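The values are calculated or read from the model by the stated rules, or taken from the named source; none is laboratory data. Since the structure is predicted, the reported quantities are computational estimates derived from the model, not experimental observations. Here the Cβ is made from the backbone with ideal geometry for all residues, glycine too, and neighbour counts use every protein chain on show.
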Amino acid sequence: MKRKRILIIIIEFVLLLTVMGGIYYYTQSEIAPTKVFIFNSNMATGEIITKDKLAVVELPASAINANFLREQEKIIGNVVSTDVTEGQYVLTDLVTEENNVDKLKTMDKTKLRLISFPVEMDTSLSGDIEKGDVIDLVYLSTSSNIQTGEDFTYSKIFLSNIVVWSVNTEDGYEYSSKTDANNADEGVTAPAGTETISMTESDGKLASITVAVTGPQAEQIAARAMSGKLQILGRFPEGEDVESTGYTVNQYSDVYAGNVDPEKGVVKPVK
C-alpha cells in the first residue's frame, strides 16, 4: 500500500513537471523577442526601398502575424505602395513591385493641369481605356490648299506619354470599360426566365476623357479639339516614343507637320 502511494506521488510529480514545462515553453515562445523590419525614414509612394531605408527591431512573437514582411530579399528593390512614416512596420500591403504602383499617386502635380475633351468609341480604343492608362494623342484635320482651293487631310501625333486622369460618361460618372464588364461576367449565367438589370452608375456611354498635362499642353489640346478631331493611341508598357512628321492625304500647303510627302508621310525639302 505504501509503495503504491509513493508511485502515485511520483506520477503526480512527473505530470506537474510536464505541465509546468509546457507552460514555461509556451510562455517563452510567445514572448521570445523576434526580429522584424521597420522603415528607417519617411518614404513617398513609389519610392524604391534600399537597405538604408530599413531598420531592425524586436517584438514578442505573439505580436507578429502573417502581414509582417520579414524576408529582406522580398523588400529591398521593391517600392512602397503608399506613403509611409519613420518607424512604421514593414507589412506586405506596404511593399509592391514598381509596375504595380498607381501612376496618379507618384506624379509630380506641381505643374500639371486637368483638361477634358470629348471622345467617341471609334476614336478611343473602342472604350478599352481606364484611369491611369498612358496614351498618345493624334490630331486629325481637313483644310483647304490656299493656292488651289482643294481640300487635304492630315494627321499627326502631337502629344505622347499622357496620363489618363479619368474616363467619364455623359452624366459625369466614371466610365467602365465594356471589356472589363464582359470579363467580369464571363461564366456567370442568369437563371432561366429571369431578366438581368445592371444598376451600376457607370452604365452610361463613353463621353469624355480627362488627362493630366502641363499648361501649354492643355492649351494645345483645347485648340486642336475645337479645330479638328482628336484620336487616342494606346501604348504597350514597353512602347517607345515615336518621332513622326505626320501624314497628309491629297494636295496641301504648309501644315503643322511641315511639308510632307502626301503618300509616304516623309519630310520633303522646302525649296
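Overview of values
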item: Count of segment 228-271 residues which are modelled with pLDDT of 55 or more, charged (D, E, K, R) and assigned to a loop (DSSP other than H, G, I, E, B); result: 5
item: Any hit, segment 142-164, residues being surrounded by fewer than 19 Cβ atoms within 10 Å (Cβ to Cβ), modelled with pLDDT under 90 and under 19 Å from GLU219 (Cα atoms); result: no
item: Answer from VAL57, VAL14, VAL36 - the residue that is at negative phi, surrounded by 10 or more Cβ atoms within 10 Å (Cβ to Cβ), at pLDDT below 85 and out of contact with any helix residue (DSSP H, G or I) (no Cβ under 7 Å at 6 or more places or on another chain); result: VAL14
item: Elements of type strands (runs of 3 or more DSSP E) in segment 49-158, at least 1 residues being under 30 Å from ALA207 (Cα atoms) and in the same structural domain as GLY234 (by TED's automatic domain parsing); result: 112-118, 134-144
